[in-house]
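**Q** Pasting a structure below so you can have a look.
The values are calculated or read from the model by the stated rules, or taken from the named source; none is laboratory data. Bear in mind the structure is a predicted one, so any value in this text is a computation, not a measurement. Cβ placement follows ideal geometry from the backbone for every residue including glycine, while neighbour counts extend to all protein chains displayed. With ligands, DNA and RNA removed, areas are computed over all heavy atoms of the protein, side chains included. Shrake-Rupley method; radii C 1.70, N 1.55, O 1.52, S 1.80 Å.
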Amino acid sequence: MTTDVEYVGRLHGLDPERIHWEPRQYGGDGEKSLIALTPNLQSADLSIIASKVRLNARNSVKTWPVDRVLTAIDQTVARLLDRSHPVRKKMEHLLPIVTGYDEEMVRIGLTGYLKTFRKPQLQRFITEDFPNPGILDKFQPLVKGGFGRAFGPDLLAHVWAGNVPGLPLWTLIAGLLVKAASVGKVATAEPFFAGWFHDVLAETDPELAKTIALVWWQGGNTELEAGLFREADVALAYGGDTAIAALAAQAPASTRFLAHGHKISFGLIGREALDPSRASSTARKAAYDVVRYDQQGCYSPHVFFVEKGGAISPETFGTYIAQSLASYEEKFPRRPLSLAEASSLVEWRMAEETRLGGKVVEPCNGNWTVSIQLQDRALRPSGLNRTIRIVAVDDLEETPILSKPYKTLIQTAAISATPERLFNLASMLGEVGVTRVTALGDMTSPEAGWHHDGRFNLLDLVRITEIEARAETAAEDLASYAD
Amino acid sequence: MNFSGKSVLVTGAGRGIGSAIAQAFAREGANVGVNYLTNAETAAATVAACETNGGVALAICSDVTNKDGATNLVSETIEAFGKIDVLVNNAFRPYEFDPERRKLHWDLDWQDYQSQFEGAVQAAHNMVQAAVPNMLTRANGSIINIATDLIARPVVPYHDYATAKAALVGFTRTLAAELGPLGIRVNTVAPGLVYPTKASERVRENIKEDIISATPLRRIAKPEDIAGPVLFLASPWSAFITGQTIYVDGGLVME
C-alpha cells in the first residue's frame, strides 16, 4: 500500500502554519490511496487571500503585455505535456486514484486536453473574442471611431465542479488572459489539478502564479461562498442546477455571476453514414464519446438519434455500439460506481426496457448498457456511466423538434451526415438551443476557443473602456500645438 | 470451463462428433439443443447421456438445409432455453468415407458438389441467419463450424465433400469479419479422420495405419477429441479469436 499526501489549496497571504489542515482520504483501503490535507478557512481568511492576489496582480500581470501571459501559459503547458516532468507524473499517478477513471484514459485525456492550450491555440482563443488582442494591453482604434481598451476584473472567483479532470484549466486560463487575479474554489471530487497547474506556473513565471489562489471548503457553505463572491467582480460557477441556484443566491448584485449548469448532449446519425463500410467505424466513434469520462461531461452524449432507411438499421447500429463499448471496456474499464450511482442506473435500465419498442443490450457484468428505442423518440437522459440511448427516427430533421423542450439544457450535437444536411441541421438545432456542433468521436474534446455554452469566454469577463471620438477631438483643441 | 446458464445448439448432434460435442457441453453445465434429422433413437440416447452428465438437453428434429427447418430449430431452442449463446454447425449431408469406393473426379456430377455445398454452406448459412438476431440482443455469441483437415491435406481426395468444407472455411472468415464488430465470433474446427463414427466405419485398417504413422501424436481422433477445441472456442478463453481454423488431427496438418 502506498499513500501520498497532497495539500489542497494555494493560500497566498496566509501563513500555512496558522491554518488547521484536515486530512481526507481518496482511493480505496488496501489499494493505492491519497491523503488530501484540506484547509479549514474562515470568511476573514478569504478577504486576506483576495486582497493579496489582487495586489499581486496589480503589481504584475496588469502591467504586462498579454503576450507575456501567453508565453508563461505555453511554457507551463509544455512542462505538463512532458511525461517526465514530476508534476505530470504526479497527475498520471494520482488522478486515477482520486477520480476512479482508468489510468490510460486519464493519461491520453490529459495530453489531448493540455495540447489545446499551447500558444497557437491560446492565440486563437483570444482572437475569437478579441480580433485585435492588443485591446487587452492598450487603447486600440475602434471601427466605429474612438478608442477602446478591455479591462479584466480585479478579482475573478471560480467555483469548479469535479466531474472531469482538468476542468479548472479553462477558467483559470481565461482569467490569466484578461489579467485578472483569481480565487478558485476547488471541488471535493477532484481538488488537486488546479494546484498542480499553479505549481508548474510558479516554476515558469513565479509572479504570475502569485495572482492565483486556490481554496476549498465543503460545498454548500453559504458563509464562505458569500464571502468569496463579495470579493469578486466576476464569479464563474460550475455545477448542477440546485448548486448553481444556491451559489447565485450568495452573489451580491455588484458581482457578475456566470454559471455553467448541467447540460446534456446528443448525436445525430444520418442514413448516409449507415452503410456497411461506414456503420461500424461510425459506431466506434460514437462509443468513444460515451466512454470518455463515463459521460460525466456536459458535452457527453445521452442519446444518438439514428435515422431509419440506411442499409444498417438503428437496431443493428445499436449492436455495433454495444460491441464497441465492450471492446473499450477492455481498454479503458469503467470507474467503480458508488452505490447511489449503481442503483440509479438499475432504475434507468428498467424504465428503458419497459418502454414500448424498447430493448436493452448489455453484458452480464452490466458495465455498459445500450438501450435501443424504436418507438419512444424523446430526448431523455441516459443513466450515465456508459449507458446510451439509441433512438430510431424516420428523418434526422425531426430531431430539433424532439430536443426543443430541453432548450436550456442542451449543449453539444455531433452530426454524421452530408455537408448540406450538416448546415441545415445545425441551423435548426441552433434555434432550439444547441451551442456546439461537432463530429462523432470529438464530442468530449472541444476545440480551443470554443464558445462554452454559446457564450464568450473572455468577452464576458471584461469591461470595455471607450474613448469616444468626440473626446479625442476635444483633446485636440487643448493640444500644445493647437492653432 | 463452466457453461452453466449458457445455451448451446449443436446441429447433427444425434451421433458421432456432434453427439460428443453436445455431451461435453452438458458436462460443463450448459443447456444443449440436440438437433437431428433421421434417427430419433440415437438423438434420444445423446439427450440421455447429456442429462447423465448433469446438463439439460432437448432433442429437436429439423432439416437445417431448409430455411424453415433452421428457423424452427432456433425458435424451439430459444423457447426451451431462452436464448442461444453458442451455435455449432456440425450437420452435413450424409457422405460415405470409403477410400476404395470413392468417386474419381471424372465420375462426379455437379449435383454431387451441389449436394455437399447444401449440406455444409447452405445449412450453416440458414442456421446463422436464424440464430444471430438472438445473439445480437446481447452483442455476444460464438459460432463454430465443423470442417475437415482434408481441405489442407487431401489424404483421400473426396472432391465434393472437401471442396464444400473448404467453402465453409471461407464462409467462416467472411462471417467473422461481418459479425466481429457486433460481438459475435466465428471459427472453424477442422478434425482429421475421426473413428469410430457412422461416416468412417468403412475405412480400412491399412488406411488408418497410414494416417496414424503420418500423425505426430500417432493415433486417430476420437469424437471426444473434437469437443475440447469446440468448447474452447465457445468459451471466454478464446474471447480474442475469430475467423480461425483449428486443426484437430494430432498434427497431421500443420499451418
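**Q** Going residue by residue through the range A:248-261, is there one that turns out to be at pLDDT 95 or above and touching a Cys at 6+ places or on another chain (Cβ under 9 Å)?
**A** No, that holds for no residue.
**Q** Looking at A:R24, A:R58, A:R18, which one is surrounded by fewer than 16 Cβ atoms within 10 Å (Cβ to Cβ), over 29 Å from the mean Cα position of the chain (by Cα) and not hydrophobic (A, V, I, L, M, F, W, C)?
**A** Within the list A:R24, A:R58, A:R18, the selection yields A:R18.
**Q** Hey, another quick one. Restricting attention to the range A:328-342, which residues are touching a Lys or Arg at 6+ places or on another chain (Cβ under 9 Å) and either open to solvent by 40 Å² or more (accessible area, probe 1.4 Å) or in a loop (DSSP other than H, G, I, E, B) (or both)?
**A** If the condition is that a residue be touching a Lys or Arg at 6+ places or on another chain (Cβ under 9 Å) and either open to solvent by 40 Å² or more (accessible area, probe 1.4 Å) or in a loop (DSSP other than H, G, I, E, B) (or both), then A:F332, A:R334 are the ones that fit.
**Q** Tell me, please, whether a residue that is assigned to a loop (DSSP other than H, G, I, E, B) and within 14 Å of chain B (Cβ to nearest Cβ) can be found in the range A:343-353.
**A** Filtering the range A:343-353 for residues assigned to a loop (DSSP other than H, G, I, E, B) gives none.
No; the residues of the range A:343-353 include none that is assigned to a loop (DSSP other than H, G, I, E, B) and within 14 Å of chain B (Cβ to nearest Cβ).
**Q** Among A:V87, A:V66, A:V53, A:V77, which is the only one that is open to solvent by less than 20 Å² (accessible area, probe 1.4 Å) and over 21 Å from A:W196 (Cα atoms)?
**A** None of the others qualify; the one that does is A:V66.
**Q** Checking the conditions here, which among A:S277, A:S265, A:S324, A:S281 is more than 14 Å from chain B (Cβ to nearest Cβ), closer than 30 Å to A:D395 by Cβ and among the hydroxyl-bearing types (S, T, Y)?
**A** A:S265
**Q** Could you check the range A:294-319 and list, in sequence order, the residues that are in contact with a helix residue (DSSP H, G or I) (Cβ under 7 Å, 6 or more places away or on another chain) and aromatic (F, W, Y)?
**A** A:F304, A:F305, A:F317
**Q** Going by the structure shown, is A:V370 touching a Ser or Thr at 6+ places or on another chain (Cβ under 8 Å), more than 14 Å from chain B (Cβ to nearest Cβ) and surrounded by 13 or more Cβ atoms within 10 Å (Cβ to Cβ)?
**A** Taking the combined requirement at face value, the residue does not satisfy it.
**Q** Scan the helices (runs of 4 or more DSSP H) fully inside the range B:1-110 and keep the ones with 3 or more residues being farther than 25 Å from B:N126 by Cα.
**A** The helices (runs of 4 or more DSSP H) meeting that bar are B:40-52.
**Q** Within the range A:9-37, can you find the residues that are touching a Ser or Thr at 6+ places or on another chain (Cβ under 9 Å) and under 30 Å from A:G152 (Cα atoms)?
**A** Across the range A:9-37, the qualifying residues are A:G9, A:H12, A:G13.
**Q** Still on this model: Does A:A479 meet the test of being small (G, A, S), in a helix (DSSP H, G or I) and more than 30 Å from A:S265 (Cβ to Cβ)?
**A** no
**Q** For the range B:144-197: of the residues being among the small types (G, A, S) and within 14 Å of chain A (Cβ to nearest Cβ), which is surrounded by the most Cβ atoms within 10 Å (Cβ to Cβ)?
**A** For the range B:144-197, the residue satisfying everything is B:G183.
**Q** Can you pull out every residue in the range A:252-295 that is of a type in the set (A, V, I, L, M) and without any contact (Cβ under 8 Å) to a residue 24 or more places away in the chain?
**A** A:A253, A:A259
**Q** Pairs only if they're at least six apart or on different chains, beta carbon under 8 angstrom, first in the range B:149-160 and small (G, A, S), second modelled with pLDDT of 95 or more and assigned to a helix (DSSP H, G or I); list them, first residue then second.
**A** Once the first residue is small (G, A, S) and sits in the range B:149-160, no partner that is modelled with pLDDT of 95 or more and assigned to a helix (DSSP H, G or I) comes close enough.
Listed here are the residues, each with its yes/no results for (1) within 23 Å of A:M443 (Cα to Cα); (2) within 12 Å of chain B (Cβ to nearest Cβ); (3) within 23 Å of the chain's Cα centre (by Cα).
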position	(1), (2), (3)
A:F257	no, no, yes
A:Y293	yes, no, yes
A:V306	yes, no, no
A:G318	yes, yes, no
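**Q** While we're on this one: Name every residue in the range B:121-143 that is assigned to a helix (DSSP H, G or I), open to solvent by less than 30 Å² (accessible area, probe 1.4 Å) and away from every other protein chain (no Cβ under 14 Å), in order of residue number.
**A** Matches in the range B:121-143: B:A123, B:A124, B:N126, B:M127, B:V128, B:A130, B:A131.
**Q** Could I ask something else about it? Inside the range A:400-420, can you point out the residues that are part of a helix (DSSP H, G or I), at pLDDT 95 or above and surrounded by 18 or more Cβ atoms within 10 Å (Cβ to Cβ)?
**A** None - no residue of the range A:400-420 is part of a helix (DSSP H, G or I), at pLDDT 95 or above and surrounded by 18 or more Cβ atoms within 10 Å (Cβ to Cβ), so the list stays empty.
**Q** Turning to a different aspect of this structure: Output the residues belonging to the range A:373-399 that are open to solvent by 30 Å² or more (accessible area, probe 1.4 Å) and within 14 Å of chain B (Cβ to nearest Cβ).
**A** The answer is A:L374, and nothing else.
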